[in-house]
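Here's the structure we're looking at; comments come further down.
Rule-based calculations on the coordinates, nothing more; no lab input. Just so you know, these numbers come straight off a predicted model, no measurement behind them. Cβ: placed from backbone, ideal geometry, glycine included. Neighbour counts: every protein chain shown.
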């Protein structure tokens, strides 16, 4: 049976699971508790279909505690609380004694079925214990239903102050202000905790006026009471009031504790207001307050968030050996926030006791500052070192990094990691998966994640619509927006940008126009999308008129759309108009100069080409270096034009030469129109023939499996020659090639491109 144990260890998807199941049945072991429990464990991890999972459970004639535990865990993960309760009843009926793990699952799964759980606890004789009784009521009050908690409360013959306070806090937890107030009035004997619960409750409801009224009416105030009111102000953005009350507290002779100081300082941190920070610091100095290490850490965070990095670092250094993880993490985050990744990494590498926040700060710092490859490298180190277990915050940053790089295989590895570690994702986590798959050119996977989401928000829809737009799926994007409205989710500015972009890439003029006109107050980005759409279908003069009628000043995106359309349709007049505006708005954007130069080159106006390039030189404008990424062997391989640094360069250039000869036999002639006129013809062909995307594709052809989709990410717009070459390679090599440039996706197959030669 050793091969079954080996097979079980290798199960990573449903197909593997069913193969294992078939082998177990073949060996007549499917009735055995051990193997049933193994299969059920895999079902939970892989989110297997409920009917299939239940079939496995039902195949066991006498399930033991391990089998019951695994099926309970499966239904608990689904949120199928009623099934959990029913199976627990069956477990009792079968005479199987629950262990502590079963009860742990039950406690987490009760939800609205808490009454049944309570009944069971009563049968077990736990109901008479006052601590258990209060605990059960408190659980209902916190997690629902609060009505059951109240019924238990009313059934109590002798109610302690603790019982009253638990019930009042429970009402506030659910936002039941009236009930909490009524109970407060009925309470025979109140203590300071009772009054503080009212202050905290109103603060959570953001009713700071009522919270302050109860605070002021308190017969006696404890330090906790003062802290509750100060924290209420701080957490609701009333920094000045929090500082004012703090000042009042000190004048009343109370000695603040760490909670007090942290609440006040945090109120300044959340506002990121240097003036408030300065006033607080001045007050601390005037009163000669002794600052302990907890307070200094809060101050460090305040200075960091207010942009005073030098002062923050000074406080950090003053902490000496007393630096805790919060201090280290605050300083690391401060550096990543301003893009100083070198200083952040130096601190991170020096830190002895890193926690998950430390890793998250550094991983997110890389991801948010355009260093996605480093983010993934650090995550892989995190997993290897096992210092801290990644959480959802980690995974969102990592998933985002995979998306920016277009690293689909790495992305799938991350998804498997999430599944294998049974990590729960929130809506935000699922949204990041949609983003990743869309950016990696795998819309089927993006749509699958979207469809499987139990709940969706506007970001979910926007992520998928934007992905559809980048792939030119205009009709699907429009239909998705209509579905979004049907589900009661209102489109926002990002939704409309995505749908209009989709219409542009698909050439859906009338639908795009209708959507644009439906926007109540279109913003400048919406106008840019509409200009792009009009330009795509050749209505450049109408696009120019739309720009002239805009109620706000056009930005670079508006004129950029007009300039690109002018390039496609060789409209020199409008190209010059758009480019001159862009030179004013974006004087250092080399792409605008290059596009105008290309328009002139297409008309053989070489003097104008030289004039534009001279303007670039005199203005100190440097042309952006084009690069392309392709994924192989768990790494991203980067190429630039004419690159010979790769260890397989000889093979890459040999293959490019062979492909060029094949293409010439089919009539290929290199498009050299955008290369300087004074370069020799042979050199011109060499220059366009070694663009980064060609090198990346050649490398991928060398190392990838036959029929495997080749995926390339390029930082600039694909040129005409590369576009034509990739179409021919897709046909000659019978390969699907997906290229993501800085404008959209190009899906090449059998000599055609999804963009229909407009990009």
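Once C-alpha pairs closer than 8 Å and six or more residues apart are averaged by separation and normalised to the residue number of the range 190-323, the relative contact order reads 18 percent. The relative contact order of the range 385-475 comes to 28 percent, based on Cα pairs under 8 Å that sit 6 or more residues apart. For the chain, state the semi-axes of the equivalent ellipsoid (square roots of 5 times the eigenvalues of the alpha-carbon gyration tensor), sorted largest first and rounded to whole angstrom. The equivalent ellipsoid of the chain has semi-axes of 56, 38, 26 Å. If you take the alpha carbon atoms of the range 190-323 and fit the smallest convex hull around them, that volume is 101 Å³ per residue. Taking label points 7 Å from Cα along the Cα-to-Cβ direction, residue 32 and residue 82 give a separation of 3.7 nm. Based on alpha-carbon atoms, the Kirkwood radius and the radius of gyration of the range 268-392 give Rg/Rh equal to 1.01. Entry note, the chain: relative contact order of 5 percent, from Cα contacts under 8 Å with a spacing of 6+ residues.
Legend: P(r) of the range 627-753 from all alpha carbon pair distances, 5 Å bins from 0, whole percents, reading 2, 11, 22, 26, 23, 12, 4, 1, 0.
With all projection directions averaged, the alpha carbon convex hull of the range 362-501 covers 8.2 nm². Rg of the Cα atoms in the range 259-322, relative to 2.2 N^0.38 Å, amounts to 1.01.
Do the sum for the chain: with -39,500 (n - 2.57) for every DSSP H run of n ≥ 4, divided by all residues, what is the mean residue ellipticity at 222 nm, to the nearest 500 deg cm²/dmol?
Details: 42 runs with 514 residues, N = 759.
About -21000 deg cm²/dmol.
Once Rg and the Kirkwood radius are both taken over the C-alpha atoms of the range 600-667, their ratio Rg/Rh works out to 1.14.
Averaging over all projection directions, the Cα-based convex hull of the range 2-109 occupies 6.4 nm² in the image plane.
In the calculated pair-distance distribution of the range 498-614, the portion above 20 angstrom amounts to 40 percent of the Cα-Cα pairs.
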